[in-house]
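Student: Have a look at this one.
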């Protein structure tokens with residue numbers, strides 16, 4: 001059963017985050033393998049696999065949450081790539097960041113746009 | 001021109017936040033009237049009036065940002081009502097909060113669900 | 001298997017948070033039952049059930065994280081009670097908050113001590 | 001010597017925060033008396049007693065920091081009163097909050113203006 | 001009219017942030033030009049151009065807000081330079097950061113002083 | 001007397017943070033020497049020198065607070081080394097970070113584990 005959650009999560013992680021997601025999990029291999037396992041089982045196997053929101057909506061929500069939290073640029077880059085992977089166009093990602101200005105102020109939006117710039121340059 | 005931004009913003013504020021939005025602006029009348037004006041002109045006249053995202057997507061992004069920031073329960077209640085006003089069903093609002101669990105942890109999601117509960121009870 | 005995680009988590013939740021924990025889960029029953037289920041399965045079934053830290057150490061870490069995050073007073077009260085339940089004396093809970101002063105500043109510590117005061121009064 | 005820091009801090013606390021400051025210290029008497037002592041000795045005896053900034057500038061900085069942190073409304077109310085005590089007019093306090101809009105977004109400024117409204121009503 | 005806000009904002013941005021401000025706007029040219037326009041029109045044309053606070057007071061408030069938010073070091077560097085540009089001496093910038101210690105704790109103040117060190121070295 | 005606090009704090013700083021702590025103080029020498037003095041006198045002379053928690057418990061609390069605050073990676077690295085210095089094994093440091101997942105979400109835990117990885121590689 002745990003195997004089912006793990007398999008479902010790994011498939012979802014690969015679908016959303018692709019190479020970036022795999023790289024995060026691998027980087028945890030020696031120091032905190034269970035952290036990687038929980039990301040697969042819980043974040044992707046439980047949460048991302050739920051019904052009620054499209055994958056595009058889930059990525060919009062995730063990049064919004066990471067922009068707002070601040071200090072999560074590495075994860076923001078992985079999920080900006082994830083947003084592109086599930087079919088959100090570059091312009092819409094930037095537009096989502098624009099919508100946050102009244103709620104987070106300009107500095108966090110500037111940081112998120114800088115992260116997007118780094119990701120878009122590798123497309 | 002400023003009049004145009006103000007009129008466009010007021011229309012958008014009314015469309016999205018309805019009575020809750022008007023109440024916020026009125027509460028600022030004597031102490032900080034320009035704050036209310038900037039919310040109308042900038043947040044709604046400039047940002048909410050942009051193309052590139054549907055109003056439903058803008059509300060999803062806004063409630064996600066408010067949940068993640070924390071300590072913004074009054075504004076979260078206004079925008080949960082706003083999300084209902086633009087046609088997002090209750091289940092989808094809760095589902096958006098569920099998507100945040102891996103990125104914000106449980107406590108902020110619990111606070112957001114409690115805010116949703118207060119708003120839903122008044123429908 | 002899922003049943004095992006759920007059962008293990010419920011037992012741990014009851015051991016740590018007692019009535020306060022059950023009350024949180026029940027309050028989610030109609031609006032977001034899966035949120036309650038994930039708290040039981042993941043937070044308590046997976047994380048709290050791990051080896052490597054005592055329950056007292058886990059509660060110290062949890063109340064420190066909630067104090068530092070800010071705006072999580074309801075959850076802080078539940079876990080201050082949880083800290084008492086697993087045998088941490090009142091003086092040590094306050095001392096843990098004192099240790100945070102250099103890292104969070106006084107305001108968040110004042111909020112946490114106020115939460116502790118409310119919990120201690122009900123003992 | 002410690003007595004000197006304490007005496008200097010208590011005088012400064014009384015000058016800045018008046019009754020509100022004394023009330024905070026008294027509320028800590030039974031649960032965390034050292035917390036009150038550190039606020040007097042360190043926050044007021046060491047930091048507020050430094051040269052290089054006027055008391056008005058220190059209060060401007062303090063209310064800005066509390067607005068930006070979020071979730072510190074009780075402390076914000078004490079220091080809005082403190083800002084009035086050291087001679088900052090109500091309009092300037094509100095104007096300081098307006099200056100934060102581009103950096104924190106509207107929600108935290110709305111929370112700070114609501115706190116100011118509560119304080120100003122008691123003048 | 002919009003032209004008036006833009007022109008007024010650009011003049012203010014140049015007065016406060018000088019080259020650093022222009023560089024931020026230019027870096028947004030291809031990815032999010034409207035973000036740069038809103039910074040000029042709203043942050044500088046609307047907010048920085050208001051009466052009621054001197055430019056020195058506005059910069060004190062801005063660097064305090066950025067220090068407290070955390071994770072905004074690039075913007076903090078631009079506005080530390082801005083604080084110097086409007087005539088705040090280096091010692092007073094550092095003293096403003098010292099005033100934040102009781103409210104934010106040491107780590108964020110250490111980050112801000114490190115940013116100041118980088119800016120001061122280029123004078 | 002002040003000398004006593006300073007001496008006690010310096011001894012504690014050296015015991016906990018070793019070279020990393022000294023390096024922080026030295027880096028402040030020219031720009032903000034009082035900041036270094038307050039870290040020694042207040043953070044270490046007053047807070048770390050209190051009774052009621054072991055040094056290992058204090059370091060657990062400190063690294064939890066720094067992880068939760070976010071954006072404090074330099075200070076987190078110093079205190080991860082500090083945790084090792086007072087005898088907390090690497091596995092337990094990582095386990096403390098795991099305990100934070102339900103309260104902060106995955107991104108901040110990923111940042112903390114990355115900081116731990118950098119520190120552990122220098123052992």
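The values are calculated or read from the model by the stated rules, or taken from the named source; none is laboratory data. The structure displayed is predicted, hence computed values, not measured ones. Neighbour counts are summed over all protein chains in view; Cβ atoms, including those assigned to glycine, are modelled from backbone coordinates with ideal geometry.
Student: Could we say that residue A:96 is farther than 22 Å from residue F:109 by Cα and under 15 Å from the mean Cα position of the chain (by Cα) here?
Tutor: On the way: farther than 22 Å from residue F:109 by Cα: yes; under 15 Å from the mean Cα position of the chain (by Cα): yes.
It is true that residue A:96 is farther than 22 Å from residue F:109 by Cα and under 15 Å from the mean Cα position of the chain (by Cα).
Student: Still on this structure: Which residue pairs have Cβ atoms under 6 Å apart, sit 6 or more places apart or on different chains, and have a first residue in the range B:97-119 that is touching a residue at least 24 places away in the same chain (Cβ under 8 Å) and a second that is part of a loop (DSSP other than H, G, I, E, B)?
Tutor: Cβ pairs passing all conditions: B:103/F:105; B:104/F:105; B:108/B:70.
Student: While we're here: List the helices (runs of 4 or more DSSP H) that sit entirely inside the range C:32-123 and contain at least 3 residues that are within 10 Å of chain D (Cβ to nearest Cβ).
Tutor: On the way: elements: C:33-38, C:55-69, C:73-85, C:90-104, C:106-120.
Fully inside the range C:32-123 and qualifying: C:90-104, C:106-120.
Student: Something else now. When you scan the range F:1-40, how many residues do you find that are crowded, with 21+ Cβ neighbours inside 10 Å and in contact (Cβ under 8 Å) with a residue 60 or more places away in the chain?
Tutor: Qualifying residue count for the region: 3.
Student: Please work out which one of (1) at pLDDT 95 or above; (2) more than 9 Å from chain C (Cβ to nearest Cβ) is the condition residue A:18 fails and give its number.
Tutor: So residue A:18 meets the others, but not (1).
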